[in-house]
Amino acid sequence: MYHDFNYEATLASSLRAQWQLDDVLREDQALDFSRNFMPESLARTAALGSLNPFEQRILNQISAHQYLCIFGVVEEFILPFLLDHARPALRDDDYRVRALLNFASEEAKHIHLFKRFHEAFVRGFPVECQMIGPSEAIGAEVLRHDPLAVALVILMIEWMTQQHYLGSIRDDGDLDPLFKSLMKHHWMEEAQHAKLDTLIVDALGEGRSEAEIDRAIDEFFEIGGFLDEGLKQQAAFNLDALEKVIGRKLDDRDEILAQQHQAARWTYIGSGMVHDRFKATLATLSARAAERIAEAAPVFA
Ligand SMILES: [Fe+2]
Ligand SMILES: [Fe+2]
């Protein structure tokens with residue numbers, strides 16, 4: 001076995017690590033708009049030489065707005081997926097049922113927390129930032145795929161958040177402490193989710209032929225392509241918001257758009273694709289699945 005995860009131990013760790021919304025952000029708290037919100041390893045705004053430091057910081061904050069919205073969207077499809085996965089076997093293993101429902105309840109809490117951060121963002125930011133959606137339509141498109149493909153996407157996302165927190169402490173320069181705390185608290189609970197996702201993928205992959213797994217990987221790429229299109233559209237919305245704040249059109253908008261789309265690809269797809277634990281699950285599922293995803297990973301770097 002390539003891991004020692006089980007429902008009983010994961011539930012126990014989850015219950016120990018749990019926090020409340022107010023531990024991360026109270027409703028009356030304000031974000032510090034004199035600082036960056038996102039680690040540079042994800043936002044890549046300091047690399048944009050045609051923007052001055054003020055403009056780079058504004059774009060960094062817009063990229064944090066994107067972070068809140070994208071996580072809102074993905075957690076909204078994780079929640080029904082978990083309930084559907086738990087429902088057919090509510091009488092079997094008590095630890096499994098409790099671990100999955102606790103996982104679902106934590107994702108509902110995360111959705112709530114991301115909304116609270118979003119409200120704080122809107123209160124302090126000078127213009128409205130547009131967001132792709134609606135999230136119900138994005139969720140429905142993802143969830144119409146093979147559950148194994150969806151489970152792999154979710155597994156990738158959960159390992160990804162581990163990478164994000166590490167990035168935020170590694171190159172924190174001058175990050176808003178509340179955003180840092182958001183990454184940290186999300187990381188704490190997502191670490192347990194990623195273990196449960198691993199068990200879900202193991203269960204959904206069991207007994208599948210090589211051809212069936214291959215088709216699930218096709219669908220994994222379909223979902224990835226769909227999300228990537230959304231990220232490209234979102235990058236354009238982000239630049240619209242930046243232009244509104246700074247009061248001028250960007251001369252090199254196309255280059256910035258491509259660079260920011262690439263930053264989002266790494267943040268929301270690539271950083272999960274190359275995670276060792278994700279790769280270990282793929283390798284156990286099928287050597288060919290692991291190979292196909294490793295071949296695609298550089299596109300999202
Ligand atoms: Fe979450
Ligand atoms: Fe999660």
Translational diffusion coefficient of the range 62-122 at 37 °C, 0.692 mPa s, Stokes-Einstein with Kirkwood Rh over Cα pairs, in µm²/s as a whole number.
262 µm²/s
Could you work out the local net charge near Ala258, counting Lys and Arg as +1, Asp and Glu as -1, over the other residues with Cβ closer than 15 Å to its Cβ?
-2
Just the ratio, please: alpha-carbon radius of gyration of the range 176-301 over 2.2 N^0.38 Å, N its number of residues.
1.31
Counting pairs of Cα atoms in the range 160-230, how many percent are more than 19 Å apart?
57 percent
Based only on other Cβ atoms within 10 Å, what is the fewest-to-most ordering of Ile246, Ile62?
Ile246, Ile62
extent check for the chain: Cα max minus min per principal axis, descending, whole Å, gives 59, 40, 34
Lys249: which lysines have alpha carbons under 24 Å from its alpha carbon, excluding same-chain residues fewer than 8 sequence positions away?
Lys232
I'd like the GluC sites (Glu not before Pro) in the range 56-128 restricted to DSSP loop residues with at most 16 other Cβ atoms within 10 Å, sorted by number.
Glu128
Run through the range 6-111 and list the chymotrypsin sites (Phe, Trp or Tyr not before Pro) located in a DSSP loop whose Cβ has at most 16 other Cβ atoms within 10 Å.
Trp19, Phe33
In the range 36-125, which trypsin sites (Lys or Arg not before Pro) are in a loop and have at most 14 other Cβ atoms within 10 Å, using DSSP for the loop call?
Arg91
For the range 1-147, one quarter of the surface area of the C-alpha convex hull, expressed in nm², comes to 12.0 nm²
For a footprinting-style exposure proxy, rank Val24, Val142 by other Cβ within 10 Å, fewest first.
Val24, Val142
Can you work out ³J(HN,Hα) from phi for every residue in the range 233-248, in order, using Karplus 6.51 cos²θ - 1.76 cosθ + 1.60 and θ = phi - 60°, giving whole Hz and x for Gly and Pro?
4, 5, 4, 5, 4, 4, 6, 4, 5, 4, 4, 5, 5, 8, x, 8
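Order of Thr267, Thr161 from fewest to most other C-beta atoms within 10 Å? List each step's numbers first, then the result.
Numbers: Thr267 26, Thr161 22.
If I rank by nearby Cβ atoms, fewest first, I get Thr161, Thr267.
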Read phi for every residue in the range 44-58 and hand back ³J(HN,Hα) as whole Hz from Karplus 6.51 cos²θ - 1.76 cosθ + 1.60, θ = phi - 60°, with x for Gly and Pro.
6, 8, 6, 7, 8, x, 7, 9, 7, x, 5, 5, 4, 5, 4
Applying the Karplus parametrisation 6.51 cos²θ - 1.76 cosθ + 1.60 with θ = phi - 60° to the phi angles of the range 60-74, what ³J(HN,Hα) value in whole Hz is obtained for each residue in order, glycine and proline being reported as x?
4, 5, 5, 5, 6, 4, 4, 4, 4, 6, 5, 5, x, 5, 5
Find how much the distance from Leu21 to Ala137 grows on full extension, using 0.36 nm per residue of separation minus their present alpha carbon separation; answer in nm with one decimal.
39.1 nm
Can you return the lysines within cross-link range of Lys184? Criterion is Cα-Cα under 18 Å, with same-chain partners fewer than 8 residues away left out.
Lys109, Lys115, Lys195
Directionally averaged shadow of the range 259-301, computed from the convex hull of its alpha-carbon atoms, nm²
2.6 nm²
May I ask for the Kirkwood hydrodynamic radius of the range 73-207, worked out over all distinct Cα pairs and given in angstroms to one decimal?
16.3 Å
Between the Cα axis of helix 253-265 and the main Cα principal axis of the chain, the angle (0 to 90°, nearest 10) is 30 degrees
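Read-outs throughout are calculated quantities, based only on the coordinates presented, and are distinct from any laboratory measurement. Since the structure is predicted, the reported quantities are computational estimates derived from the model, not experimental observations. Here Cβ is always computed from backbone atoms with ideal geometry, including for glycine, and neighbour counts include all displayed protein chains.
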